[in-house]
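Note sheet for the following structure.
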Amino acid sequence: MEKKYIYLSVLLVVLALGLVILPGKDDPKETNPKLLLSSVTEKSRYLSADQITHRIIENDPTLLLIDLRPASQFKTFALPGSMNIPVDSILTSTNIEIFNQPGKDKVFYANSDLTAEMAWMLCNRFSLKRIYVMKGGLNEWFQTIIETKSLPVTASSADMELQSFRIAARQFFTGAGPSTVAPGAGQSSEKVIVTRKAPGEKSGGGC
Amino acid sequence: MNRYLKSNSIWLGFPVLAFVILMLALIFRPNPPGYRLSASQTIQLMKDSSMTISVGELAGKQVVDLRSAELFAQGHAANAVNIPSRQLLDKESIKLFNEFRKEGKVAVLYGNSELQVVSPWLLLHQLGYTNVLRLKGYITPENKLIPTEIGSSESSVLNLSSFGEKREPTVDPKHQADSQKSETVKLVKKASASGGGC
(Lines give C-alpha, C1' and ligand atoms only; values in the text may rest on other atoms or scores of the structure.)
Protein backbone atom coordinates (compact mmCIF):
# COMPACT_ATOMS: atom_id res chain seq x y z
CA MET A 1 0.00 0.00 0.00
CA GLU A 2 1.22 3.41 -0.83
CA LYS A 3 2.25 5.58 2.08
CA LYS A 4 0.00 8.45 0.99
CA TYR A 5 -3.07 6.33 1.77
CA ILE A 6 -1.76 5.64 5.25
CA TYR A 7 -1.23 9.38 5.89
CA LEU A 8 -4.68 10.12 4.56
CA SER A 9 -6.40 7.49 6.70
CA VAL A 10 -4.54 8.67 9.84
CA LEU A 11 -5.68 12.21 9.13
CA LEU A 12 -9.28 11.08 8.70
CA VAL A 13 -9.20 9.13 11.97
CA VAL A 14 -7.84 12.20 13.81
CA LEU A 15 -10.57 14.39 12.29
CA ALA A 16 -13.25 11.88 13.25
CA LEU A 17 -11.93 11.81 16.83
CA GLY A 18 -12.07 15.59 16.85
CA LEU A 19 -15.73 15.56 15.87
CA VAL A 20 -16.52 13.15 18.67
CA ILE A 21 -14.69 15.17 21.31
CA LEU A 22 -15.85 18.66 20.29
CA PRO A 23 -18.88 19.84 22.30
CA GLY A 24 -22.14 19.37 20.44
CA LYS A 25 -24.29 22.33 19.44
CA ASP A 26 -27.17 21.08 21.56
CA ASP A 27 -25.19 20.85 24.78
CA PRO A 28 -26.44 23.49 27.22
CA LYS A 29 -23.74 26.11 27.46
CA GLU A 30 -23.02 26.94 31.08
CA THR A 31 -21.98 30.42 32.09
CA ASN A 32 -18.83 30.67 34.13
CA PRO A 33 -19.80 31.31 37.80
CA LYS A 34 -17.76 34.52 37.93
CA LEU A 35 -19.56 35.88 34.88
CA LEU A 36 -22.84 34.81 36.42
CA LEU A 37 -21.96 36.70 39.58
CA SER A 38 -21.25 39.85 37.61
CA SER A 39 -24.69 39.65 36.01
CA VAL A 40 -26.18 39.08 39.47
CA THR A 41 -24.74 42.39 40.66
CA GLU A 42 -26.12 44.11 37.52
CA LYS A 43 -29.67 45.28 38.31
CA SER A 44 -31.03 45.78 34.79
CA ARG A 45 -33.05 42.55 34.99
CA TYR A 46 -35.62 44.14 37.31
CA LEU A 47 -38.77 45.62 35.79
CA SER A 48 -41.18 47.52 38.02
CA ALA A 49 -44.92 46.88 38.31
CA ASP A 50 -45.57 50.20 36.50
CA GLN A 51 -43.28 49.26 33.60
CA ILE A 52 -44.98 45.90 33.18
CA THR A 53 -48.43 47.50 33.40
CA HIS A 54 -47.51 50.01 30.67
CA ARG A 55 -46.44 47.20 28.40
CA ILE A 56 -49.54 45.09 29.09
CA ILE A 57 -51.86 48.01 28.33
CA GLU A 58 -49.94 48.90 25.17
CA ASN A 59 -50.21 45.25 24.14
CA ASP A 60 -46.44 45.12 23.65
CA PRO A 61 -45.71 42.19 21.29
CA THR A 62 -42.19 41.78 22.72
CA LEU A 63 -43.50 41.09 26.22
CA LEU A 64 -43.86 37.48 27.34
CA LEU A 65 -44.99 37.18 30.95
CA ILE A 66 -44.13 33.89 32.61
CA ASP A 67 -46.05 33.00 35.75
CA LEU A 68 -43.95 30.63 37.85
CA ARG A 69 -46.63 29.83 40.42
CA PRO A 70 -48.45 26.49 40.61
CA ALA A 71 -51.28 26.01 38.11
CA SER A 72 -53.95 26.31 40.84
CA GLN A 73 -52.84 29.84 41.74
CA PHE A 74 -52.49 30.76 38.07
CA LYS A 75 -56.11 29.75 37.45
CA THR A 76 -57.32 31.91 40.31
CA PHE A 77 -55.62 35.04 39.03
CA ALA A 78 -52.82 35.90 36.63
CA LEU A 79 -51.65 38.94 34.71
CA PRO A 80 -53.31 39.22 31.28
CA GLY A 81 -51.43 37.42 28.53
CA SER A 82 -49.15 35.52 30.87
CA MET A 83 -48.13 31.93 30.43
CA ASN A 84 -47.98 29.44 33.29
CA ILE A 85 -44.67 27.61 33.63
CA PRO A 86 -44.47 26.27 37.20
CA VAL A 87 -40.96 26.51 38.53
CA ASP A 88 -40.60 22.69 38.61
CA SER A 89 -40.78 22.43 34.85
CA ILE A 90 -38.77 25.51 34.01
CA LEU A 91 -35.98 23.76 32.14
CA THR A 92 -37.85 21.20 30.08
CA SER A 93 -36.90 21.20 26.41
CA THR A 94 -40.25 22.76 25.40
CA ASN A 95 -39.85 25.59 27.86
CA ILE A 96 -36.24 26.21 26.84
CA GLU A 97 -37.54 26.67 23.30
CA ILE A 98 -40.02 29.23 24.61
CA PHE A 99 -37.25 31.08 26.43
CA ASN A 100 -35.14 31.05 23.28
CA GLN A 101 -37.81 32.83 21.24
CA PRO A 102 -36.11 35.70 19.49
CA GLY A 103 -37.40 39.22 20.01
CA LYS A 104 -39.25 38.43 23.23
CA ASP A 105 -38.59 39.78 26.70
CA LYS A 106 -39.40 36.94 29.05
CA VAL A 107 -40.53 38.41 32.38
CA PHE A 108 -40.69 36.01 35.32
CA TYR A 109 -43.04 36.59 38.21
CA ALA A 110 -44.48 34.71 41.18
CA ASN A 111 -46.12 36.01 44.35
CA SER A 112 -42.95 37.86 45.33
CA ASP A 113 -39.69 38.23 43.42
CA LEU A 114 -37.69 35.53 45.24
CA THR A 115 -38.74 32.55 43.10
CA ALA A 116 -38.45 34.63 39.92
CA GLU A 117 -34.94 35.69 40.93
CA MET A 118 -33.86 32.09 41.48
CA ALA A 119 -35.40 31.01 38.17
CA TRP A 120 -33.61 33.92 36.44
CA MET A 121 -30.37 32.75 38.01
CA LEU A 122 -30.84 29.19 36.77
CA CYS A 123 -31.74 30.34 33.24
CA ASN A 124 -28.68 32.59 33.17
CA ARG A 125 -26.47 29.71 34.21
CA PHE A 126 -27.66 28.00 31.03
CA SER A 127 -27.05 31.16 28.99
CA LEU A 128 -30.70 31.94 28.22
CA LYS A 129 -31.01 35.57 27.19
CA ARG A 130 -33.55 38.38 27.66
CA ILE A 131 -34.95 37.05 30.92
CA TYR A 132 -36.29 39.65 33.37
CA VAL A 133 -37.75 39.66 36.87
CA MET A 134 -40.83 41.62 37.91
CA LYS A 135 -39.71 43.47 41.02
CA GLY A 136 -41.88 42.66 44.01
CA GLY A 137 -43.87 40.04 42.10
CA LEU A 138 -47.62 39.83 41.90
CA ASN A 139 -48.10 41.00 45.51
CA GLU A 140 -46.37 44.31 44.80
CA TRP A 141 -48.09 44.67 41.41
CA PHE A 142 -51.43 44.26 43.16
CA GLN A 143 -50.58 46.82 45.82
CA THR A 144 -49.24 49.30 43.27
CA ILE A 145 -51.92 49.07 40.62
CA ILE A 146 -55.09 47.55 42.04
CA GLU A 147 -54.83 48.85 45.59
CA THR A 148 -53.25 52.15 44.62
CA LYS A 149 -53.57 54.71 47.39
CA SER A 150 -54.65 58.30 46.99
CA LEU A 151 -51.94 60.93 47.20
CA PRO A 152 -51.86 64.01 49.42
CA VAL A 153 -52.66 67.31 47.70
CA THR A 154 -49.06 68.39 48.17
CA ALA A 155 -47.72 65.57 45.96
CA SER A 156 -45.49 66.53 43.04
CA SER A 157 -46.90 66.68 39.53
CA ALA A 158 -44.83 63.65 38.50
CA ASP A 159 -46.34 61.66 41.36
CA MET A 160 -49.82 62.85 40.43
CA GLU A 161 -49.24 61.79 36.82
CA LEU A 162 -48.07 58.36 37.95
CA GLN A 163 -51.06 58.11 40.24
CA SER A 164 -53.52 58.93 37.45
CA PHE A 165 -51.84 56.30 35.27
CA ARG A 166 -52.28 53.74 38.03
CA ILE A 167 -55.94 54.63 38.48
CA ALA A 168 -56.51 54.29 34.73
CA ALA A 169 -54.64 50.97 34.80
CA ARG A 170 -56.80 49.78 37.67
CA GLN A 171 -59.88 50.54 35.60
CA PHE A 172 -58.31 48.65 32.71
CA PHE A 173 -57.69 45.54 34.79
CA THR A 174 -60.72 45.48 37.04
CA GLY A 175 -63.17 47.05 34.64
CA ALA A 176 -64.46 49.16 37.50
CA GLY A 177 -63.71 52.74 38.37
CA PRO A 178 -65.17 56.09 39.12
CA SER A 179 -65.57 57.28 35.55
CA THR A 180 -66.26 54.15 33.63
CA VAL A 181 -69.13 51.75 33.52
CA ALA A 182 -68.37 48.34 34.91
CA PRO A 183 -68.31 45.55 32.36
CA GLY A 184 -71.59 43.78 32.25
CA ALA A 185 -73.42 46.86 33.48
CA GLY A 186 -75.26 47.11 30.17
CA GLN A 187 -76.38 43.56 30.65
CA SER A 188 -77.50 44.04 34.20
CA SER A 189 -81.04 43.45 35.16
CA GLU A 190 -81.92 47.11 35.38
CA LYS A 191 -85.69 47.41 35.59
CA VAL A 192 -87.31 49.58 32.97
CA ILE A 193 -90.89 50.30 33.66
CA VAL A 194 -92.88 50.34 30.46
CA THR A 195 -96.21 52.05 30.79
CA ARG A 196 -98.73 50.93 28.33
CA LYS A 197 -102.08 52.23 27.46
CA ALA A 198 -104.91 50.12 28.58
CA PRO A 199 -106.67 48.60 25.60
CA GLY A 200 -109.68 50.58 24.57
CA GLU A 201 -108.54 53.74 26.26
CA LYS A 202 -108.84 56.74 24.03
CA SER A 203 -106.03 59.11 23.75
CA GLY A 204 -106.84 62.56 24.82
CA GLY A 205 -104.21 64.19 22.60
CA GLY A 206 -104.63 67.14 20.34
CA CYS A 207 -105.13 70.73 21.01
CA MET B 1 4.28 12.08 -3.57
CA ASN B 2 6.72 10.65 -1.10
CA ARG B 3 9.30 13.07 -2.29
CA TYR B 4 6.78 15.90 -1.85
CA LEU B 5 5.96 14.78 1.69
CA LYS B 6 9.60 14.44 2.62
CA SER B 7 10.57 17.84 1.31
CA ASN B 8 7.62 19.58 2.99
CA SER B 9 7.38 17.45 6.13
CA ILE B 10 8.01 20.42 8.44
CA TRP B 11 5.29 22.58 6.88
CA LEU B 12 2.82 19.72 6.77
CA GLY B 13 3.68 18.80 10.34
CA PHE B 14 2.62 22.22 11.69
CA PRO B 15 -1.12 21.95 11.04
CA VAL B 16 -1.16 18.34 12.27
CA LEU B 17 0.67 19.38 15.44
CA ALA B 18 -1.67 22.34 15.95
CA PHE B 19 -4.65 20.05 15.57
CA VAL B 20 -3.27 17.54 18.07
CA ILE B 21 -2.55 20.33 20.59
CA LEU B 22 -6.07 21.68 20.15
CA MET B 23 -7.56 18.26 20.77
CA LEU B 24 -5.41 17.71 23.88
CA ALA B 25 -6.39 21.16 25.18
CA LEU B 26 -10.05 20.33 24.70
CA ILE B 27 -9.71 16.98 26.43
CA PHE B 28 -7.73 18.26 29.40
CA ARG B 29 -9.21 21.79 29.59
CA PRO B 30 -9.45 22.98 33.17
CA ASN B 31 -13.02 22.96 34.40
CA PRO B 32 -14.17 26.33 35.72
CA PRO B 33 -14.91 26.25 39.48
CA GLY B 34 -17.64 23.91 38.47
CA TYR B 35 -21.28 23.67 39.32
CA ARG B 36 -21.89 20.73 41.59
CA LEU B 37 -25.65 20.72 41.23
CA SER B 38 -27.61 19.76 38.16
CA ALA B 39 -30.56 21.86 36.99
CA SER B 40 -33.12 19.55 38.61
CA GLN B 41 -31.17 19.46 41.89
CA THR B 42 -31.08 23.26 41.86
CA ILE B 43 -34.85 23.44 41.33
CA GLN B 44 -35.38 21.11 44.31
CA LEU B 45 -33.11 23.35 46.38
CA MET B 46 -35.06 26.47 45.34
CA LYS B 47 -38.19 24.97 46.89
CA ASP B 48 -36.47 23.74 50.04
CA SER B 49 -37.82 25.80 52.91
CA SER B 50 -35.18 24.45 55.32
CA MET B 51 -32.63 26.63 53.53
CA THR B 52 -33.95 29.75 55.22
CA ILE B 53 -33.55 30.68 58.83
CA SER B 54 -35.50 33.18 60.88
CA VAL B 55 -34.00 36.12 62.78
CA GLY B 56 -34.58 34.38 66.12
CA GLU B 57 -32.53 31.31 65.16
CA LEU B 58 -29.21 33.01 64.49
CA ALA B 59 -27.49 31.95 67.71
CA GLY B 60 -24.36 29.89 67.05
CA LYS B 61 -24.37 30.60 63.32
CA GLN B 62 -21.75 32.49 61.35
CA VAL B 63 -23.52 35.59 60.04
CA VAL B 64 -22.34 36.99 56.70
CA ASP B 65 -23.25 40.53 55.60
CA LEU B 66 -23.49 40.83 51.81
CA ARG B 67 -23.83 44.62 51.71
CA SER B 68 -21.10 46.99 50.61
CA ALA B 69 -18.14 47.67 52.89
CA GLU B 70 -19.37 51.27 53.43
CA LEU B 71 -22.75 50.16 54.73
CA PHE B 72 -21.12 47.45 56.83
CA ALA B 73 -18.85 50.06 58.40
CA GLN B 74 -21.90 52.08 59.45
CA GLY B 75 -23.31 49.17 61.43
CA HIS B 76 -24.04 45.48 61.15
CA ALA B 77 -25.37 42.43 62.97
CA ALA B 78 -23.36 41.12 65.92
CA ASN B 79 -20.38 38.89 64.95
CA ALA B 80 -21.05 39.38 61.24
CA VAL B 81 -18.30 39.23 58.64
CA ASN B 82 -18.57 41.35 55.52
CA ILE B 83 -18.40 39.73 52.09
CA PRO B 84 -19.90 42.20 49.59
CA SER B 85 -21.83 40.25 46.96
CA ARG B 86 -19.57 41.63 44.21
CA GLN B 87 -16.63 39.93 45.92
CA LEU B 88 -18.43 36.67 46.63
CA LEU B 89 -16.12 34.57 44.45
CA ASP B 90 -12.88 36.40 45.18
CA LYS B 91 -10.01 34.32 46.51
CA GLU B 92 -10.35 35.65 50.08
CA SER B 93 -14.09 35.06 50.15
CA ILE B 94 -13.79 31.51 48.83
CA LYS B 95 -11.06 30.89 51.39
CA LEU B 96 -13.41 32.08 54.12
CA PHE B 97 -16.29 29.92 52.89
CA ASN B 98 -13.91 26.94 52.69
CA GLU B 99 -12.90 27.59 56.30
CA PHE B 100 -16.53 27.70 57.43
CA ARG B 101 -17.16 24.43 55.64
CA LYS B 102 -14.06 22.82 57.13
CA GLU B 103 -15.00 23.92 60.64
CA GLY B 104 -18.57 22.69 60.14
CA LYS B 105 -19.96 26.21 60.64
CA VAL B 106 -23.32 27.16 59.20
CA ALA B 107 -23.09 30.50 57.39
CA VAL B 108 -26.19 32.68 57.24
CA LEU B 109 -26.33 35.36 54.52
CA TYR B 110 -28.20 38.62 54.98
CA GLY B 111 -28.46 41.94 53.18
CA ASN B 112 -30.68 44.97 52.54
CA SER B 113 -33.46 42.66 51.45
CA GLU B 114 -34.04 38.95 51.06
CA LEU B 115 -33.86 39.51 47.31
CA GLN B 116 -30.24 40.67 47.59
CA VAL B 117 -29.31 37.39 49.24
CA VAL B 118 -31.16 34.84 47.08
CA SER B 119 -28.80 34.78 44.09
CA PRO B 120 -25.49 34.69 46.02
CA TRP B 121 -26.94 31.93 48.21
CA LEU B 122 -28.03 29.87 45.19
CA LEU B 123 -24.69 30.40 43.48
CA LEU B 124 -22.74 29.22 46.54
CA HIS B 125 -24.92 26.12 46.81
CA GLN B 126 -24.43 25.31 43.15
CA LEU B 127 -20.69 25.54 43.73
CA GLY B 128 -20.90 23.02 46.55
CA TYR B 129 -21.15 25.21 49.67
CA THR B 130 -24.06 23.36 51.22
CA ASN B 131 -23.50 24.87 54.68
CA VAL B 132 -24.90 28.26 53.59
CA LEU B 133 -28.39 29.38 54.60
CA ARG B 134 -30.21 32.64 53.93
CA LEU B 135 -31.94 34.86 56.45
CA LYS B 136 -35.72 35.13 56.19
CA GLY B 137 -35.35 38.81 56.91
CA TYR B 138 -33.14 41.82 56.24
CA ILE B 139 -31.22 44.60 57.92
CA THR B 140 -32.90 47.97 58.27
CA PRO B 141 -31.08 51.32 57.79
CA GLU B 142 -31.04 51.45 61.62
CA ASN B 143 -29.03 48.19 61.56
CA LYS B 144 -31.73 46.00 63.00
CA LEU B 145 -32.43 42.53 61.64
CA ILE B 146 -36.14 42.13 61.06
CA PRO B 147 -38.23 39.39 59.41
CA THR B 148 -39.41 39.81 55.82
CA GLU B 149 -42.97 41.14 55.54
CA ILE B 150 -45.52 38.62 54.29
CA GLY B 151 -46.15 40.65 51.12
CA SER B 152 -42.48 40.28 50.19
CA SER B 153 -42.51 36.52 50.71
CA GLU B 154 -43.88 33.93 48.34
CA SER B 155 -47.25 33.84 50.13
CA SER B 156 -50.09 35.29 48.13
CA VAL B 157 -51.75 38.35 49.68
CA LEU B 158 -54.03 39.24 46.78
CA ASN B 159 -57.48 40.52 47.63
CA LEU B 160 -59.33 39.60 44.48
CA SER B 161 -62.67 41.06 45.52
CA SER B 162 -61.96 44.22 43.48
CA PHE B 163 -62.00 42.16 40.31
CA GLY B 164 -65.64 41.16 40.55
CA GLU B 165 -66.88 39.42 37.44
CA LYS B 166 -63.95 40.35 35.23
CA ARG B 167 -61.77 37.80 37.01
CA GLU B 168 -63.86 35.05 35.52
CA PRO B 169 -63.20 35.02 31.79
CA THR B 170 -66.11 32.68 31.13
CA VAL B 171 -69.55 34.16 30.94
CA ASP B 172 -72.20 32.58 33.08
CA PRO B 173 -74.60 31.03 30.53
CA LYS B 174 -77.62 31.82 32.69
CA HIS B 175 -76.53 35.45 32.97
CA GLN B 176 -75.93 35.58 29.22
CA ALA B 177 -79.36 34.11 28.50
CA ASP B 178 -80.98 36.69 30.78
CA SER B 179 -79.19 39.56 29.09
CA GLN B 180 -80.13 38.42 25.62
CA LYS B 181 -83.74 37.74 26.47
CA SER B 182 -85.86 40.29 24.62
CA GLU B 183 -89.12 41.40 26.01
CA THR B 184 -91.95 40.57 23.67
CA VAL B 185 -94.26 43.48 23.17
CA LYS B 186 -97.69 42.73 21.82
CA LEU B 187 -99.06 45.04 19.20
CA VAL B 188 -102.36 46.36 20.33
CA LYS B 189 -104.76 47.45 17.67
CA LYS B 190 -106.71 50.48 18.64
CA ALA B 191 -110.38 49.89 18.95
CA SER B 192 -111.24 53.34 17.70
CA ALA B 193 -109.46 56.27 16.15
CA SER B 194 -107.69 58.53 18.48
CA GLY B 195 -109.21 61.84 18.99
CA GLY B 196 -105.95 63.66 18.55
CA GLY B 197 -105.09 66.35 16.07
CA CYS B 198 -106.60 69.70 15.44
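The values are calculated or read from the model by the stated rules, or taken from the named source; none is laboratory data. Values in this document were obtained by computation on a predicted structure and should not be read as measured data. Methodologically, a virtual Cβ is constructed for each residue, glycine included, from the backbone with ideal geometry; neighbour enumeration extends over all protein chains shown.
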Restricting to strands (runs of 3 or more DSSP E) lying wholly in the stretch B:29-142: which have 1 or more residues that are within 12 Å of chain A (Cβ to nearest Cβ) and in contact (Cβ under 8 Å) with a residue 40 or more places away in the chain?
-> B:132-135
Applying the selection to the stretch A:57-111, what residues are within 17 Å of A:Trp141 (Cα to Cα), out of contact with any strand residue (DSSP E or B) (no Cβ under 7 Å at 6 or more places or on another chain) and among the β-branched types (Val, Ile, Thr)?
-> A:Ile57, A:Thr76
Out of all the residues in the stretch A:113-133, is one or more of a type in the set (Phe, Trp, Tyr) and touching a helix residue (DSSP H, G or I) at 6+ places or on another chain (Cβ under 6 Å)?
-> no
All but one of (1) more than 10 Å from every other protein chain (Cβ to nearest Cβ); (2) modelled with pLDDT of 90 or more; (3) in a loop (DSSP other than H, G, I, E, B) hold for A:Ser112; which doesn't?
-> (1)
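Within the stretch A:81-132, track down each residue that is among the aromatic types (Phe, Trp, Tyr) and surrounded by fewer than 22 Cβ atoms within 10 Å (Cβ to Cβ). Step through it out loud before you land on a result.
Of the residues in the stretch A:81-132, the ones among the aromatic types (Phe, Trp, Tyr) are A:99, A:108-109, A:120, A:126, A:132.
Hits for the stretch A:81-132 are A:Phe99, A:Phe126.
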Here is a list of conditions, (1) buried (at least 18 other Cβ atoms within 10 Å of the Cβ); (2) touching a Ser or Thr at 6+ places or on another chain (Cβ under 9 Å), and B:Gln62 meets all of them except one; can you say which number that is?
-> (2)
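For the stretch A:124-153, what are the residues that are more than 10 Å from chain B (Cβ to nearest Cβ), of a type outside the set (D, E, K, R) and either under 14 Å from A:Arg45 (Cβ atoms) or part of a helix (DSSP H, G or I) (or both)? Steps first, please.
To start, the set of residues in the stretch A:124-153 that are more than 10 Å from chain B (Cβ to nearest Cβ) comprises A:127-132, A:134, A:144-145, A:148-153.
Still in the list and also of a type outside the set (D, E, K, R): A:127-128, A:131-132, A:134, A:144-145, A:148, A:150-153.
Result: A:Leu128, A:Ile131, A:Tyr132, A:Met134, A:Thr144, A:Ile145.
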Just checking, how many residues over the stretch A:1-55 are at pLDDT 85 or above and either away from chain B (no Cβ under 11 Å) or assigned to a strand (DSSP E or B) (or both)?
-> 11
Answer yes if at least one residue in the stretch A:176-198 is surrounded by 14 or more Cβ atoms within 10 Å (Cβ to Cβ), over 30 Å from B:Ser40 (Cβ atoms) and modelled with pLDDT of 85 or more, and no otherwise.
-> no
